[in-house]
Each structure stands twice: as C-alpha cells, then as structure tokens.
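Remarks on the structure that follows.
The values are calculated or read from the model by the stated rules, or taken from the named source; none is laboratory data. Remember, it's a predicted structure, so these values are computed and weren't measured experimentally. Methodologically, a virtual Cβ is constructed for each residue, glycine included, from the backbone with ideal geometry; neighbour enumeration extends over all protein chains shown.
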Amino acid sequence: MFARLEAGVVDVGEVNCNFKQGPSIERAALIVSIVYASILFATAAFQHYLFGTQVWDIGLFEQFSWLIGEGRLTAISSLRQVAPLEDHFSLLLLPLGAVYKFFPSTFTLIGLQSIALGSLPAVAAYVAVQRQVKARLVWALICAIVLCPYSFLVNRGDFHPDVLTIPFMIVAIFEATRAGRWRYYFCLFITLFAKNAQALFGLGLGLYAIAKGRYSRGLITIVISIFWWFLATHLSAAGGDHVAIRLGYLGDTKLEMITTLLMRPWIVFSVASPSTIFLYSLGLSLPFLALLRQPALACLLGATPVFLVNIISDSGIQRELNHHYSIPILAFLIAGCLDSMPLISAKVIQVQKNVFSVTLVLSMVAFLGYSRITYFQSRYLPRLPEAVAFQSVVSGIGPQESILASSNYVVHLAGREHISQIEKEDYQQRWPFDVIVFPSENALINVRGRLREVGQTKIGQKMSDVVEMAKEAGMHCDQPNSYIRLCRAKK
C-alpha cells in the first residue's frame with residue numbers, strides 16, 4: 001500500500017480496511033480468548049474430575065486458600081506442615097483466599113488459571129495493535145499462543161499463583177520501554193507477589209529494560225527484585241531452602257554453586273542430558289520461532305535467568321512442560337514476537353503470508369508432539385466410573401470432618417482444616433480420623449504413568465492395612481460401591 005501511496009494511487013476501500021483493522025482484530029482476539037479460556041477450563045476440569053491432578057500443588061493451594069478464607073493466616077497446613085505464606089510467601093494467596101471464601105471449590109482455582117492463560121490472545125492483540133502490526137501477523141501470533149502445548153499442559157497439570165500473573169508479565173514487558181511508570185511497577189509487583197522465585201522474572205525484566213536503553217528503570221527493577229528475593233525467602237524459610245534442594249549438587253553455598261558453574265559448566269549434564277535440554281527448549285519455543293527476529297534478542301536475554309535455573313536444576317520437573325517453572329519464559333517469548341512483528345510488517349505481503357503459514361505448521365507440530373492428548377484415553381477416561389462413584393460417596397462428607405485418603409482423593413477434599421494422605425507417614429500423628437476414603441482393591445491407580453489395580457500395588461496393601469487398623473479402632477468400614485472403601489468413626 002505504501003508503494004501505491006507514493007505513486008498517488010490508493011484504493012479507498014483498502015484504507016478503510018486498514019483503519020478498521022485495529023479495533024476489529026482486538027474484538028476478534030477477545031472472542032478467541034473467551035473460547036480459548038473455556039477450552040482450557042473444560043480440559044483441566046475434566047482431567048481433575050478424572051483424578052488427573054495431585055496434592056502437590058493444587059491440593060496445597062486449595063487448603064491454603066481455605067485457611068486464608070477462614071481468617072486463619074497463621075494456621076499450619078496439615079498437608080504441607082507450614083502456614084500458607086510460609087510456602088513461597090505468595091501474597092497473591094490473600095485475594096485468592098477471599099475469592100475462595102465465596103466460591104469454595106477446586107474448580108474456582110482452575111477457572112482463574114484458565115482465564116489468565118486464556119487472556120493471552122487478547123493481551124497480545126492489544127499490544128500488537130498498539131504497535132501497528134499487520135493483521136495477518138497478529139493472527140499468526142494468536143495461533144501460536146492457542147496451539148502452544150505449554151499453555152495447554154501447564155493449565156492441566158496443576159494450579160500455581162505465578163501462572164495467574166502471566167498477563168501482567170506481558171504488560172510489564174510492554175510498559176518497560178514506555179514513558180509511564182505506574183502501570184509498569186503495578187504489573188511488576190503483582191508478578192513478584194506470586195512467589196519468591198518470581199524475582200527471577202524481575203531480574204530478567206530489568207535486563208530487558210537495560211537492553212532497550214531504559215537503564216535507570218532496569219537497575220531499579222533489578223534492585224527491587226533482589227530485595228524481594230531476600231525478603232520473601234527469609235519470610236518463607238520454614239518451607240525449606242529450595243535453592244539448596246535443587247542446586248545442592250553444585251556446592252554447599254551460593255558462592256560455591258556459582259564457582260562450580262563457571263569452572264565446570266559441563267557438570268550440568270550430570271542432571272540434565274543435552275537431549276533433554278534440547279527437547280524442553282524446542283517444546284517451549286517451536287510455535288514462536290518463525291515470528292522471532294533480531295529485536296527479540298532483548299526478550300531472550302530477559303528469559304535467560306529463568307531458563308538457566310531450569311536447565312541446571314537437579315529437579316527434572318523444571319524441564320517438563322506441565323509444570324509452572326517456565327511461565328516467565330512463555331511471557332518473554334510472546335513479548336519477543338511482539339517486538340519482532342513490526343519489523344516483519346514492513347516486509348512484502350508474501351513474506352507475511354509465509355510467516356503465517358510456517359507459524360501455523362510449527363504450532364500444530366508442537367501441539368501434536370507435546371500436548372499429551374492421548375493421556376485422556378490411557379490414564380483418565382478409564383477412571384470415569386470410579387470418579388462418578390467417588391463423587392456420590394464424598395457428597396455425604398461434612399466440611400468439618402477430618403479425612404485420611406489417597407493423594408488422588410485428597411485433592412478433591414482439600415478445602416478443610418484436617419486432611420492427610422496415606423502416601424505420607426505423618427498421617428499417623430493425626431490418627432484417629434472422622435473419615436477414611438480409599439479406592440477399592442479392584443479400582444485403578446496411576447503408578448508411574450500406568451494404570452494398575454490398587455490391590456496389586458504397595459500403596460494398595462498399605463491402604464488395606466489401614467482399613468483393618470480402622471476396624472480394630474472401632475470405625476465402621478464398608479464398600480458402598482465397586483470402587484470406593486469408606487470408614488467412619490462411630491458416633
């Protein structure tokens with residue numbers, strides 16, 4: 001169009017279309033976000049219903065939310081043995097507890113997380129329109145976001161407060177180079193308040209601002225993030241030293257860890273093979289590769305602190321796409337595309353079409369290769385009859401009753417003060433319980449990714465022993481249906 005404008009030939013309809021492009025694509029992106037959030041919620045809620053979630057961490061955060069909603073901020077969680085804020089000093093649990101008070105359900109947490117992730121197409125479209133990006137490229141980014149396997153998996157995997165902040169991360173990155181301050185620092189603090197480790201995002205955001213020439217803002221951001229790290233880590237010390245747990249193989253002190261990395265960087269491959277690191281990196285970035293250009297280097301620099309910690313961690317879950325540790329990386333990847341797209345918009349239309357096509361293909365390949373859709377058939381749907389039977393039984397359990405259950409069941413009953421899981425030996429310290437609920441010996445249980453009959457597993461034998469102990473203690477035990485064993489204290 002610009003070439004035709006210089007030649008003095010402009011089609012009026014084309015001009016009008018370009019003027020309408022911004023608002024129209026924002027409205028379309030909003031509709032996509034609503035549909036996308038609904039799909040995310042439906043899949044995550046269905047997986048949860050079919051016992052596809054775990055106590056760590058959705059069960060923990062539900063009990064934390066319940067305690068906060070009841071005004072018991074300093075009460076000790078029976079699942080985690082720390083007070084709610086002593087886990088990762090997540091101040092976002094305070095408003096979350098207030099919401100949970102009015103909507104006391106695990107599906108409330110899943111819904112909030114689905115909305116946060118589902119909003120990404122709308123947030124990205126808003127930023128892209130502000131930067132006058134061509135519509136075809138905006139749609140390419142929307143496709144990449146919607147088909148990104150990481151968003152799909154992390155929402156299905158569990159619930160974490162830091163996932164709720166990803167829209168704020170993207171806005172903070174966008175605002176880092178703008179004149180205004182209040183929106184930038186508001187988003188920064190919301191992000192940091194999710195947990196102490198979010199200081200890594202703040203550090204990356206500061207590096208991004210410096211790389212973009214906003215030196216004072218970048219330095220201030222880094223100072224704030226470091227201060228938050230030390231403060232939040234000190235206030236959550238009761239929850240354990242996660243740095244020592246996951247990076248302890250590098251040395252006993254943080255100085256030793258840094259020295260080891262500088263002197264013997266190859267030691268990282270003792271905990272993470274090069275192929276593992278490559279597949280993890282590919283799964284995260286594949287949908288966005290065609291949209292990344294030289295302007296994205298600042299965003300890639302911003303993602304470096306989180307990425308490096310993930311690949312050197314002794315904990316392999318930090319390199320798995322169904323965990324929350326890579327949320328800041330996703331934010332920087334989307335922001336990197338947004339930084340690159342104005343450059344691509346200046347290219348000829350054929351280049352833009354090629355970018356759209358390649359992005360669509362790469363996104364579909366990534367989704368099909370990494371999204372684990374087949375898990376529904378192999379791990380979750382076979383437990384549908386048990387899930388229906390379980391819900392019919394637990395509907396009669398009161399909110400004040402103390403419960404001992406298997407981990408798959410605990411996550412559905414965590415909104416109470418006293419609840420323990422059979423997999424942890426500390427349940428013996430809380431004996432007796434008002435209710436014990438286990439799967440029957442013929443029911444299925446997930447053992448290292450495979451479904452096995454409960455009676456054929458070690459944990460199944462342990463459940464049977466506990467049921468016998470409950471009978472000896474005077475509890476009434478029976479099997480109300482083919483899938484559930486239930487013991488109640490006699491009144």
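If you go through the stretch 470-491 and pick out every residue that is on the phi > 0 side of the Ramachandran plot and either part of a helix (DSSP H, G or I) or surrounded by 15 or more Cβ atoms within 10 Å (Cβ to Cβ) (or both), you end up with 0.
So which residues in the stretch 310-348 are over 30 Å from SER270 (Cβ atoms) and either free of Cβ contacts under 8 Å to residues at least 12 places away in the same chain or not assigned by TED's automatic domain parsing to the domain that holds ALA172 (or both)? Residues satisfying the conditions are ALA346, LYS347, VAL348. Only one of the numbered conditions (1) more than 16 Å from VAL55 (Cα to Cα); (2) of a type in the set (Gly, Ala, Ser); (3) touching a Ser or Thr at 6+ places or on another chain (Cβ under 7 Å) is not met by SER420, and that is (1). Pairs meeting the criteria (first residue in the stretch 146-158 and closer than 14 Å to LEU282 by Cα, second residue among the hydroxyl-bearing types (Ser, Thr, Tyr) and assigned to a loop (DSSP other than H, G, I, E, B), beta carbons under 6 Å, at least 6 apart or on different chains) are PRO149/SER371. Restricted to strands (runs of 3 or more DSSP E) entirely inside the stretch 369-469, no element has at least 3 residues that are of a type outside the set (A, V, I, L, M, F, W, C) and assigned by TED's automatic domain parsing to the domain that holds GLU320.
Residues that are in the same structural domain as HIS88 (by TED's automatic domain parsing) and within 30 Å of ASN354 (Cα to Cα), at least 1 per element: which helices (runs of 4 or more DSSP H) completely within the stretch 116-220 meet that?
Passing ranges, in order: 120-130, 135-146, 149-157, 166-175, 199-211.
Can you confirm whether LEU231 is within 30 Å of VAL351 (Cα to Cα) and either in a helix (DSSP H, G or I) or within 23 Å of the chain's Cα centre (by Cα) (or both)? When the stated conditions are applied, LEU231 does not pass them.
Can you tell me which of ALA303, ALA290, ALA298, ALA272 is outside any helix (DSSP H, G or I), surrounded by 13 or more Cβ atoms within 10 Å (Cβ to Cβ) and in contact (Cβ under 8 Å) with a residue 40 or more places away in the chain? Criteria check complete, one pass: ALA272.
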